[in-house]
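The values are calculated or read from the model by the stated rules, or taken from the named source; none is laboratory data. Quantities reported herein were computed from a predicted structural model and do not represent experimental measurements. Heads up, the Cβs are rebuilt from the backbone with ideal geometry, glycines too, and the neighbour counts pull from every protein chain shown. The protein model used for the area step is the full one, side chains on, heavy atoms only, and it has no ligands, DNA or RNA in it. Shrake-Rupley method; radii C 1.70, N 1.55, O 1.52, S 1.80 Å.
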Amino acid sequence: MKNKIKNYNKTELDNGLVVASEFVPVVGSFAAGVSISVGSRDDYKNKEGIAHFMEHSAFRHTKNRTAKQIANEFENIGAYSNAWTTKDITCYYVRAITNNFNKAFELLSDISLNTIFIENEINKERSIIIEEIKSYEDDPEENILDLIDSLVFSNNPMSHSITGTQQSVSNILLADLEAFQKQFYQPSNMLISVAGNIEHDKVVELTEKLFNTQNTNDKTKNTNKYIQKHKDINNELIVNKPIQQAHIMLAHTIKKFKNPKELYKLAIANIIFGDGMSSRLYQVLREKYGLAYSVSSSYQTYISSCGQINIYSATDKTNIEKTTDLIYQQMTLLNNSKKPTEKELKRAKEQLKTATIIEMESMASKIHNIIKYELYFGYRADINDIINDVENITLDDIVEINAKYLLPDNWHKCVLMPEESGK
């Protein structure tokens with residue numbers, strides 16, 4: 001699809017690396033990201049968490065800098081840098097003022113291309129990651145996400161926890177990280193995204209200088225696709241934890257959307273059903289019955305030709321059955337006697353449009369938006385087209401989405417159950 005966004009340009013270099021940038025002349029800053037099409041779906045067997053480990057290692061040592069030098073040089077120019085790993089993307093990013101673009105971008109290229117692995121440094125990072133894993137295991141809202149994925153995706157690589165387990169992280173050796181880097185950290189598998197007061201030609205010029213020397217003849221992209229093959233069935237997992245509340249999550253897979261318009265329809269349906277204080281789940285579970293402080297529904301799409309819908313609530317353990325029944329009851333009503341109304345549709349549209357416009361005003365959000373659209377759909381959506389597509393969504397569209405994804409059957413269920421006193 002041809003891009004028609006003002007001040008937005010995309011260039012593919014000879015080595016397959018894609019550079020996409022949006023020039024925003026009215027600001028004095030920028031955000032830049034280096035995204036690699038690799039995530040926990042690509043983890044080596046029995047070494048789950050290696051993609052995330054690789055992200056951590058990038059800040060530990062490069063061919064040019066130590067961890068202290070990396071931190072000092074970013075902060076000496078007032079820049080903020082960080083990284084994240086998902087099931088199918090790893091991203092390194094930086095935010096800084098325009099005058100420091102060259103330096104910040106060089107630092108960003110160094111950590112994303114030039115990581116080297118030193119045994120004692122890797123062992124330090126391994127300990128840090130294991131502590132991170134413990135923190136997630138101590139947080140029920142984080143822990144339940146990993147547990148539900150183990151049901152939703154079963155033996156599929158998409159079921160892996162992004163951080164891995166304490167055991168799998170302990171299995172990762174220096175040679176494994178080197179092999180993982182060589183396999184996936186190639187320019188042909190990368191997307192450079194920049195938003196701010198930086199001209200596209202300057203971004204391309206610097207990218208060619210910093211990224212065009214490695215593996216220029218290899219244009220192989222990571223095209224791993226993990227499609228859920230088994231049918232969703234009512235699998236259930238109950239895990240006892242030393243917690244006060246019971247945490248409930250329902251989930252099932254969805255197919256990857258071929259275009260953003262379908263995604264906007266799901267976003268609207270999700271807002272009406274469970275996203276926000278006006279949603280049906282919130283109004284019933286919290287406001288009407290007082291069963292929960294936290295209740296929500298959400299969705300996630302992946303490059304890997306799939307996605308999922310999650311419904312979450314936390315309540316007293318004596319109310320698990322009632323809470324679950326009410327969630328299913330709301331799905332039944334949504335598809336039968338209490339279908340969405342024009343009032344709900346209008347409110348959800350306004351929420352989605354507002355969130356989209358606000359997101360577009362942040363440079364950091366702009367690069368995340370570039371990553372999302374370019375990697376998922378192959379082009380960047382124009383804000384006016386998004387708003388127009390949202391406005392054109394009808395009640396019939398939402399009824400169709402609900403009948404496809406929000407029926408009260410075929411949900412996986414995970415419960416974190418408070419342990420009995422004294423155990």
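The C-beta contact set for segment 153-171 (first residue at negative phi and free of Cβ contacts under 8 Å to residues at least 60 places away in the same chain, second residue open to solvent by 10 Å² or more (accessible area, probe 1.4 Å) and small (Gly, Ala, Ser), distance under 8 angstrom, 6+ apart or interchain) comprises 159/150. State yes or no: is residue 284 without any contact (Cβ under 8 Å) to a residue 60 or more places away in the chain, β-branched (Val, Ile, Thr), surrounded by 23 or more Cβ atoms within 10 Å (Cβ to Cβ) and more than 27 Å from residue 376 (Cβ to Cβ)? No; evaluated as a whole, the condition is false for this residue.
To keep it simple, each residue is scored yes or no on (1) farther than 30 Å from residue 314 by Cα; (2) among the small types (Gly, Ala, Ser); (3) assigned to a helix (DSSP H, G or I).
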| position | (1), (2), (3) |
| --- | --- |
| 136 | no, no, yes |
| 144 | no, no, yes |
| 151 | no, no, yes |
| 158 | no, no, yes |
| 162 | no, no, no |
| 167 | no, no, yes |
| 179 | yes, yes, yes |
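Kindly indicate whether any position in segment 250-260 is at pLDDT 95 or above and either part of a strand (DSSP E or B) or buried (at least 17 other Cβ atoms within 10 Å of the Cβ) (or both).
Initially, segment 250-260 is screened for residues at pLDDT 95 or above, giving 250-251.
Adding the requirement that they be either part of a strand (DSSP E or B) or buried (at least 17 other Cβ atoms within 10 Å of the Cβ) (or both) leaves 250-251.
Looking for residues that are at pLDDT 95 or above and either part of a strand (DSSP E or B) or buried (at least 17 other Cβ atoms within 10 Å of the Cβ) (or both), one finds at least one in segment 250-260, hence yes.
Scanning segment 7-53 for residues that are under 26 Å from residue 258 (Cβ atoms) and among the charged types (D, E, K, R) turns up 10, 12, 22, 41, 42. Considering segment 345-369, the residues that are among the basic types (Lys, Arg) and open to solvent by less than 60 Å² (accessible area, probe 1.4 Å) include one that is farthest from residue 392 (Cα to Cα), namely 366.
Annotation: of all residues in segment 240-285 being of a type in the set (A, V, I, L, M) and within 18 Å of the chain's Cα centre (by Cα), the one that is farthest from residue 393 (Cα to Cα) is 251. Residues of segment 151-178 that are within 20 Å of residue 114 (Cα to Cα) and in contact with a Phe, Trp or Tyr (Cβ under 8 Å, 6 or more places away or on another chain): 172, 174, 176, 177, 178. Restricting attention to segment 111-128, the residues being under 21 Å from residue 185 (Cα atoms) and within 24 Å of the chain's Cα centre (by Cα) number 6.
Give the residue that is farthest from residue 336 (Cα to Cα), with candidates limited to residues of segment 378-394 that are open to solvent by 30 Å² or more (accessible area, probe 1.4 Å) and in contact with a helix residue (DSSP H, G or I) (Cβ under 6 Å, 6 or more places away or on another chain). I'd like the intermediate steps shown before the answer.
Our first condition is that a residue be open to solvent by 30 Å² or more (accessible area, probe 1.4 Å); within segment 378-394, this holds for 378-379, 383-385, 387-389, 391-392, 394.
Next, from what is left, pick out any that are in contact with a helix residue (DSSP H, G or I) (Cβ under 6 Å, 6 or more places away or on another chain): 383, 387, 389.
Values: 383: 34, 387: 29, 389: 26 Å.
The extreme case among them is 383.
In the list 161, 150, 170, which residue meets the criterion of being open to solvent by less than 30 Å² (accessible area, probe 1.4 Å), hydroxyl-bearing (Ser, Thr, Tyr) and either at pLDDT below 95 or over 23 Å from residue 380 (Cα atoms) (or both)? 161 is the lone residue from the list that is open to solvent by less than 30 Å² (accessible area, probe 1.4 Å), hydroxyl-bearing (Ser, Thr, Tyr) and either at pLDDT below 95 or over 23 Å from residue 380 (Cα atoms) (or both).
Show me the strands (runs of 3 or more DSSP E) found entirely inside segment 1-107 where at least 3 residues are open to solvent by less than 50 Å² (accessible area, probe 1.4 Å). If you could, list the steps in order and put the result at the bottom.
Numbers: elements: 8-12, 18-23, 29-36, 80-85, 90-97.
The strands (runs of 3 or more DSSP E) meeting that bar are 18-23, 29-36, 80-85, 90-97.
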